[in-house]
Amino acid sequence: MTPYKKLKLANALMLFGVVVIIFGFYRFFAIVAQAPFRMSMAGEGFLILGLFVIPALFASLSGFAWSLIVEKRNPSARVPGTYALRIVVFIILLVPMVLAIFRSCTD
């Protein structure tokens, strides 16, 4: 497989993870919106969010690392939008995790 195709596949993995995370939060808020009337729905919402977050983290972070490795080994291989997609993955997936860690440390 050429480095160009590897980068395109890594970009697809990152994009898949971002879309799944956004869909997971949509499902979470759709379920939790009814929580004031039925508090049992909040637990189900967190369970569904967790089921969406785990595959998204795995797919996006593996695509993120793979694209970095491919570009380091083949500096001439470039795919448009890879850098912007890495920034989006960083913001959507990594920043909330870091904020959650710092918030749990301060409580």
Starting from the stretch 57-74, take each residue that is in contact (Cβ under 8 Å) with a residue 60 or more places away in the chain and more than 14 Å from residue 14 (Cα to Cα) and list its partners that are assigned to a helix (DSSP H, G or I) and among the hydroxyl-bearing types (Ser, Thr, Tyr), counting only C-beta distances under 9 angstrom and pairs at least six apart or across chains. 71/82; 74/4
Note on the stretch 80-93: residues closer than 23 Å to residue 2 by Cβ and open to solvent by less than 70 Å² (accessible area, probe 1.4 Å) are 81, 82, 84, 85, 86, 89
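Being small (Gly, Ala, Ser) and touching a Phe, Trp or Tyr at 6+ places or on another chain (Cβ under 6 Å) is the filter; apply it to the stretch 49-94 and report the residue that is farthest from residue 32 (Cα to Cα). Walk me through how you get there before you give the answer.
Within the stretch 49-94, the first condition is being small (Gly, Ala, Ser), and the residues that meet it are 50, 56, 59-60, 62-63, 65, 67, 76-77, 81, 84.
Then drop every residue that is not touching a Phe, Trp or Tyr at 6+ places or on another chain (Cβ under 6 Å), which leaves 59, 77.
Numbers: 59: 26, 77: 44 Å.
Looking at residues that are small (Gly, Ala, Ser) and touching a Phe, Trp or Tyr at 6+ places or on another chain (Cβ under 6 Å), I get 77.
Matching residues to (1) among the polar types (S, T, N, Q); (2) at pLDDT 85 or above; (3) under 27 Å from residue 1 (Cα atoms):
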| position | (1), (2), (3) |
| --- | --- |
| 26 | no, yes, no |
| 38 | no, no, no |
| 70 | no, yes, yes |
| 78 | no, no, yes |
Take the residues in the stretch 40-59 that are modelled with pLDDT of 80 or more and among the aromatic types (Phe, Trp, Tyr), then tell me which one is nearest to residue 88 (Cα to Cα). 58
Tally time: how many residues in the stretch 14-28 are open to solvent by less than 80 Å² (accessible area, probe 1.4 Å) and within 13 Å of residue 48 (Cβ to Cβ)? 4
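The values are calculated or read from the model by the stated rules, or taken from the named source; none is laboratory data. Keep in mind that this is a model prediction, so the values were computed, not measured. Note that each Cβ is placed from the backbone with ideal geometry, even for glycine, and that neighbours are counted across all protein chains shown. Areas reflect the complete protein model, heavy atoms only, side chains present, ligands, DNA and RNA absent. Shrake-Rupley method; radii C 1.70, N 1.55, O 1.52, S 1.80 Å.
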